[in-house]
1. Inspect all residues belonging to the range 456-465 and state whether any of them is in the same structural domain as I365 (by TED's automatic domain parsing), among the hydroxyl-bearing types (S, T, Y), under 19 Å from F362 (Cα atoms) and buried (at least 21 other Cβ atoms within 10 Å of the Cβ).
2. Has the range 378-395 got any residue that is in contact with a Lys or Arg (Cβ under 9 Å, 6 or more places away or on another chain), of a type outside the set (D, E, K, R) and outside the structural domain of A279 (by TED's automatic domain parsing)?
3. Go through the range 453-489 and give me each residue that's hydrophobic (A, V, I, L, M, F, W, C) and in a strand (DSSP E or B).
4. So, in the range 157-177, exactly how many residues are among the hydrophobic types (A, V, I, L, M, F, W, C) and closer than 15 Å to H105 by Cα?
5. Checking the structure you have, find out if any residue of the range 411-426 is within 20 Å of D357 (Cα to Cα), in contact (Cβ under 8 Å) with a residue 24 or more places away in the chain, polar (S, T, N, Q) and out of contact with any helix residue (DSSP H, G or I) (no Cβ under 7 Å at 6 or more places or on another chain).
6. Just to verify a result, which residue in the range 362-387, among those that are out of contact with any helix residue (DSSP H, G or I) (no Cβ under 9 Å at 6 or more places or on another chain) and assigned to a loop (DSSP other than H, G, I, E, B), is surrounded by the most Cβ atoms within 10 Å (Cβ to Cβ)?
7. Quick one: which of H296, H262 is in contact (Cβ under 8 Å) with a residue 40 or more places away in the chain, assigned by TED's automatic domain parsing to the domain that holds A47, farther than 20 Å from V376 by Cβ and surrounded by 21 or more Cβ atoms within 10 Å (Cβ to Cβ)?
8. Just to be sure I understand, how many residues within the range 149-173 are in a loop (DSSP other than H, G, I, E, B), touching a Leu at 6+ places or on another chain (Cβ under 8 Å) and surrounded by fewer than 21 Cβ atoms within 10 Å (Cβ to Cβ)?
Amino acid sequence: MKKKSIFIIGLVLSLVSFNVVHAASSYIDYFKTTPIIDSLSSSCWGAAAVGPRDQSNGLEDRTMSKYAYWDGGIIKGPDGTYHMFASRWNQSAGHNGWFGSVAVHATSSNLYGPYTDKGMCWPNDQGGKGHNVVPLQLKDGRYAILVSETRRPADIFVSNSLDGPWSKLGSVSITPNAFSSKYTASNVYIMLRPDGRYGLIERDGVIGIADNVLGPYTIQGTNIYEKIPGCPTVNMEDPVMWYSGGLYHIIVNKWDTRKAYHITSQDGISNWKLEPGYAYDPTANFIRYSNGTVNHWNKLERPNVYMENGHVVAMTLAAIDVAKDQDLGNDSHGSKVIVIPFDGAGLDSGGALPTPDPRSAFAQIEAESYNNQSGVQTESCTEGGENAGYIENEDYAVYSNIDFGSGAASFQARVASATSGGNIEIRLDSLNGTLIGTCPVAGTGGWQTWTAATCNVSGVSGKHDLYLKFTGGSGYLFNLNWFKFGTGSNSGS
């Protein structure tokens with residue numbers, strides 16, 4: 001095994017961005033625990049690396065026999081119903097079927113789903129054609145749906161009701177000026193600004209302002225990313241823009257690295273600043289269910305935000321389980337729209353990060369579901385899902401708010417090692433906190449040859465942040481798939 005370079009690259013990027021930001025925490029830190037609506041399934045469509053997941057979250061074809069879904073934006077109706085607008089195409093065409101995508105309407109009584117597909121929004125206009133679907137409410141109270149990419153220069157449909165019918169208002173227009181040629185009509189997003197004007201941003205970071213939703217939009221300058229110290233400037237796409245907490249915000253995805261960035265501005269036009277860290281990252285443990293299970297989709301794109309009382313309370317993302325060129329149709333791979341809770345009030349106030357929901361120490365805890373770590377990476381596991389690996393001496397993983405109840409007496413871990421192994425120091429509340437036990441890990445003959453390692457623990461009850469500190473000789477020590485505590489002692493430990 002060889003430790004992957006992505007960890008070092010991420011560290012360097014973090015150091016680069018540190019000098020140009022003004023917020024204390026990263027956008028990704030404000031994602032909250034995702035509620036479980038239905039049971040988590042390990043037998044549903046998708047790559048095993050995604051992990052057990054709730055098919056009732058968001059919008060999906062549960063059998064992946066008809067449709068792949070993409071985009072996704074939510075508006076709450078006057079009666080409390082949640083309306084999602086997204087794109088879909090026949091899954092048999094694979095991911096490239098998006099060229100023939102149509103705009104669809106789905107509803108749910110729960111913000112997080114499940115959403116029921118109600119059909120195409122405008123079936124009699126070019127067969128329902130629509131991609132890069134963005135819903136919004138206009139200043140006159142009507143509802144609008146923006147579509148671009150497959151309809152250029154971007155078309156807008158309107159209705160007095162979220163249930164339709166939808167009629168075409170027209171196409172977005174641009175005022176000719178020194179910058180108008182920079183507008184590409186790809187990945188277009190439009191927001192209603194607090195000053196009553198409409199703000200437009202498209203794939204290449206070009207911003208336009210208009211008094212009417214169709215325009216004409218006056219392009220304000222060249223690519224904003226090129227003017228932001230530390231911000232990537234190429235392969236950026238899918239920007240979403242909104243106003244909250246006295247600032248304009250943009251989340252933009254960099255498709256080649258699969259990372260997203262958070263930038264802010266006071267006027268939504270100029271002097272944009274890069275905030276620290278990532279906005280989201282499919283390799284990070286931010287899609288976490290209330291039982292601690294974590295999902296890792298291959299790609300997360302087309303971000304959008306759902307707001308209440310002036311703050312973001314949830315984010316939608318288009319999620320695909322494999323690389324796009326590996327989704328070939330009729331192959332149990334595909335895409336859906338997911339909905340993740342978000343603490344926008346905390347982000348806007350710079351307040352404390354959301355407290356993770358407590359997890360029982362006596363339930364199986366997946367090793368890759370850590371809240372923090374140093375040196376640890378995840379990889380595909382032959383027992384399903386992922387395991388924590390690339391573990392070296394002094395590396396560690398942190399699991400927040402673990403509930404030991406009235407007390408634990410034993411520890412069990414699922415481990416594998418192609419070397420001589422090492423030890424797991426089990427500590428409370430800090431890296432050098434109270435040591436409640438040390439679990440020896442012996443070699444098993446392979447990095448995916450799994451067995452149980454056990455030890456007894458003492459002096460622990462109630463809720464704690466759990467630190468697993470890994471110690472041993474040089475080189476890689478062992479892999480860790482899962483662990484749990486018990487109330488009875490391990491005999492012979």
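1. For the range 456-465, residues in the same structural domain as I365 (by TED's automatic domain parsing), among the hydroxyl-bearing types (S, T, Y), under 19 Å from F362 (Cα atoms) and buried (at least 21 other Cβ atoms within 10 Å of the Cβ): absent.
2. Yes, the range 378-395 contains a residue that is in contact with a Lys or Arg (Cβ under 9 Å, 6 or more places away or on another chain), of a type outside the set (D, E, K, R) and outside the structural domain of A279 (by TED's automatic domain parsing).
3. Answer for the range 453-489, where residues must be hydrophobic (A, V, I, L, M, F, W, C) and in a strand (DSSP E or B): A453, C455, L466, L468, F470, L480, W482, F483, F485.
4. The qualifying residues number 4.
5. No: zero hits.
6. Of everything passing the filter in the range 362-387, Y370 is surrounded by the most Cβ atoms within 10 Å (Cβ to Cβ).
7. H262
8. Qualifying residue count, the range 149-173: 1.
The values are calculated or read from the model by the stated rules, or taken from the named source; none is laboratory data. Everything numeric in this text was worked out from a predicted model, so none of it was measured. In this analysis, Cβ positions are derived from the backbone assuming ideal geometry, glycine residues included, and neighbour counts consider all displayed protein chains.
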